[in-house]
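First up is the structure itself, then whatever we jot down about it.
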Amino acid sequence: QVQLVESGGGLVQAGGSLRLSCAASGRTFSTGAMGWFRQAPGKEREFVAAIIWNAGITYYADSVKGRFTISRDNAKNTVYLQTNSLKPEDTALYYCARRSGPSYSSVVRTPGNYDSWGQGTQVTVSS
């Protein structure tokens, strides 16, 4: 089965940036979508961004729109999340996930619609 490994998290000051990576291994894929979710202590898992793998169409949560950018490298089977202008509210464990089926706006925003998950990478933003 597909394995997802996140990296790139860390501790930064407000206004800083991080680039998160999610590398897929075990099987290659060319359909479906890749998404980023985050979960802070005491809060529900929250949709952050998603990308339709083949088409490159992207979706963002309102809270990160204009600050975060999701992208992918087909050759490396890797998806990235460039996080800029980070705020303390962005502090969370960030997960990447893969959806294998048809994907569109409403589908990619729901965690239950993904079939593979990484273990997460921590992003901590100090004020």
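Pairs meeting the criteria (first residue in the stretch 48-62 and over 12 Å from residue 34 (Cβ atoms), second residue at pLDDT 95 or above and of a type in the set (A, V, I, L, M), beta carbons under 6 Å, at least 6 apart or on different chains) are 60/49; 61/48.
Only one of 105, 30 is in contact with a strand residue (DSSP E or B) (Cβ under 7 Å, 6 or more places away or on another chain), of a type in the set (Ser, Thr, Tyr) and at pLDDT below 95. Can you tell me which? Answer to the selection: 105.
For the stretch 75-121, a tally of residues being surrounded by 13 or more Cβ atoms within 10 Å (Cβ to Cβ), closer than 18 Å to residue 7 by Cα and not small (Gly, Ala, Ser) returns 18.
Of all residues in the stretch 63-74, those being under 12 Å from residue 36 (Cβ atoms) and either open to solvent by 40 Å² or more (accessible area, probe 1.4 Å) or aliphatic (A, V, I, L, M) (or both) number 5.
Scanning the stretch 33-49 for residues that are touching a strand residue (DSSP E or B) at 6+ places or on another chain (Cβ under 7 Å) and either open to solvent by 20 Å² or more (accessible area, probe 1.4 Å) or within 21 Å of residue 91 (Cβ to Cβ) (or both) returns 35, 36, 37, 38, 39, 40, 45, 46, 47, 48, 49.
Within the stretch 17-28, the set of residues being open to solvent by 20 Å² or more (accessible area, probe 1.4 Å) and touching a residue at least 40 places away in the same chain (Cβ under 8 Å) comprises 17, 18, 19, 21, 23, 25, 28.
The values are calculated or read from the model by the stated rules, or taken from the named source; none is laboratory data. In this text, all values refer to a predicted model and were calculated from it rather than measured experimentally. Ideal geometry is used to build each Cβ from the backbone, glycine not excepted, and the neighbour counts take in all protein chains shown. Accessible surface is based on the protein model in full, side chains and every heavy atom, while ligands, DNA and RNA are left aside. Shrake-Rupley method; radii C 1.70, N 1.55, O 1.52, S 1.80 Å.
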